[in-house]
1. Out of all DSSP beta bridges with both ends in the chain, state the antiparallel percent to the nearest 5.
2. Where both partners of a DSSP beta bridge lie in region 2-263, what percent of those bridges are antiparallel, to the nearest 5?
3. Please check which bits of region 26-40 a label hung off ALA288 would reach, taking the label as a point 7 Å along Cα-to-C-beta and the cut-off as backbone N under 18 Å.
4. Identify the trypsin sites (Lys or Arg not before Pro) of region 371-473 meeting these criteria: DSSP loop state and at most 12 other C-beta atoms within 10 Å of the C-beta.
5. Which Rg and Dmax, in Å, describe the Cα atoms of the chain?
6. Please state, rounded to one decimal and in Å, the Kirkwood hydrodynamic radius that region 426-472 gives when every pair of distinct Cα atoms enters the mean of 1/r.
7. Round to a whole number: what % of the accessible area of region 2-263 belongs to carbon and sulfur, probe 1.4 Å?
8. Based on the Cβ-Cβ distance of SER330 and GLU206, what FRET efficiency does E = 1/(1 + (r/R0)^6) give at R0 = 41 Å, to the nearest 0.05?
Amino acid sequence: MRIYNTLTKKLEEFVPITPGRITMYVCGPTVYNLIHIGNARPMIVFDTFRRYMTYRGYEVDYVSNFTDVDDKIIKASNEEGVSASEISEKYIKECRKDMEGLNVLPATEHPQATREIPEMIDMIKVLESKGYAYKAADGTVYYRTRKFEGYGKLSGKNLDDLESGHRSEDHALKVTGSEGKEDELDFVLWKPRKEGEPYWDSPWCEGRPGWHIECSCMSKKYLGNTIDIHAGGEDLIFPHHENEIAQSEAANGVPFAHYWMHNGFLNIDNQKMSKSLGNFFTVRDIAAKYDLQVLRFFMLSAQYRSPLNFSDKLMESAGAGLERIRNSVSNLQDITVSGADGEMTAAEKESCREAERHMKRFDEVMDDDLNTADAISVIFDLVRLANTTAANGATKAYASTLRDSIVKLGEVLGLVFETAKGDLDEDIEKLIEERQAARKAKDFARADEIRDELLARGIQLKDTREGVKWSRI
Ligand code: AMP
Ligand code: ZN
């Protein structure tokens with residue numbers, strides 16, 4: 001597997017710290033609102049990375065946080081007249097629903113900042129004892145940026161450029177109260193409590209942690225001092241990830257993450273998504289109009305680092321593509337029931353070898369920095385093969401091999417291609433219920449008729465003590 005590493009700015013062979021295991025941290029959303037479709041991009045692409053690596057035999061420890069204390073949350077709590085934790089708990093619940101709709105697997109751990117405050121205080125204490133943190137007159141604890149030698153190594157920014165940038169923002173900084181900083185480049189680790197804000201006790205003052213320390217801490221607690229991969233959207237490279245590196249490496253004395261992966265941004269009709277432009281969509285807005293599988297399919301139709309443009313037209317074409325795959329799978333499904341019994345023909349065996357070559361190519365393109373765009377083309381190659389070779393006369397064995405291949409690759413991408421199954425299951429349950437009713441009414445002829453009808457559809461019934469169980473033949 002080759003991964004583009006933002007830290008080295010190169011495509012690199014992925015070598016995990018522990019063979020067969022991957023430790024991965026993905027910065028999660030700030031929960032003050034329903035998540036928008038931009039937030040869904042890192043969720044979908046890194047979930048796909050996780051699924052793919054799992055498919056390749058790795059055990060993936062995947063941690064993704066919820067930022068549940070932040071200015072925006074406090075603002076929302078004041079606006080809605082409820083506590084900050086009510087806001088964050090509400091939107092964490094909503095976010096989990098959206099993740100389920102997007103078929104994003106729950107992380108191994110979803111830590112929340114407010115539940116990790118003692119660990120953050122401990123880390124700030126270590127930074128203070130090593131001379132990387134200091135308390136200003138107003139109680140704010142700052143990170144001494146210039147003391148960390150590697151500062152700028154992720155974002156490629158140099159301290160002097162940053163300094164002159166800051167000087168022009170001097171006025172703004174004064175207004176927001178940055179007095180007491182030793183250096184304009186220093187950033188906040190702990191901020192003193194303000195009226196109406198949530199706060200915790202600390203050795204410095206009552207207050208709350210800065211945003212960057214959260215991720216340094218939670219990554220350390222759940223995955224260890226050095227992890228394989230740290231990921232998030234490209235807007236997080238600076239300052240968030242740069243600051244996380246400075247904090248973690250100064251405190252722990254070892255490299256923080258070996259690989260840094262960043263997804264490109266999602267734009268709307270070639271414009272930045274923003275509330276003020278009126279082109280801001282939550283995942284919930286999209287769910288009202290489309291199947292969320294179409295959104296996932298659309299997101300994966302681009303490689304994760306490229307910018308991605310969202311429009312109704314592109315979503316419709318994604319929907320049509322997904323439909324084509326689903327139709328093909330459904331045809332194959334029919335043949336697995338009505339097709340010819342017995343061994344595959346020689347031509348079919350040859351086509352199976354071609355299908356295997358496609359499956360191998362899927363791995364190759366995914367190994368190339370998770371090229372999901374090409375992976376989807378490979379799925380279309382399989383669909384084309386199925387549509388041209390699996391007609392009515394095909395064997396059941398051949399149709400089920402092709403169906404399983406396409407469905408499997410879908411699963412690796414978190415895409416569900418067997419849509420009919422849900423309806424079909426409901427149908428089957430209904431017939432089984434009818435058969436039970438017939439038996440109760442001693443209408444054995446009807447009960448047998450239903451059993452035979454199901455058998456013809458490839459469904460075998462088994463009467464057990466717990467009731468009737470069914471399976472596909
Ligand atoms: P936030 O809640 O703003 O901290 O964002 C949570 C995650 O979503 C981060 O990884 C961001 O980089 C990512 N993100 C936010 N907006 C977009 C966007 N328009 N396109 C892609 N990723 C985004
Ligand atoms: Zn983070």
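1. 50
2. 45
3. Residues passing the 18 Å test: 33-38.
4. Filter output for region 371-473: LYS442, ARG465.
5. Looking at the chain, its Cα Rg and Dmax stand at 27.1, 89 Å.
6. Evaluated on region 426-472, it is 10.6 Å.
7. Roughly 49 percent, rounded to a whole number.
8. So the FRET efficiency works out to roughly 0.10.
The values are calculated or read from the model by the stated rules, or taken from the named source; none is laboratory data. The model shown is predicted, which means the values in this text are computed figures rather than measured ones. As a convention, Cβ positions derive from the backbone with ideal geometry for all residues, glycine included, and neighbour counts pool all protein chains shown. All accessible areas refer to the heavy atoms of the entire protein, side chains included, with ligands and DNA or RNA removed. Shrake-Rupley method; radii C 1.70, N 1.55, O 1.52, S 1.80 Å.
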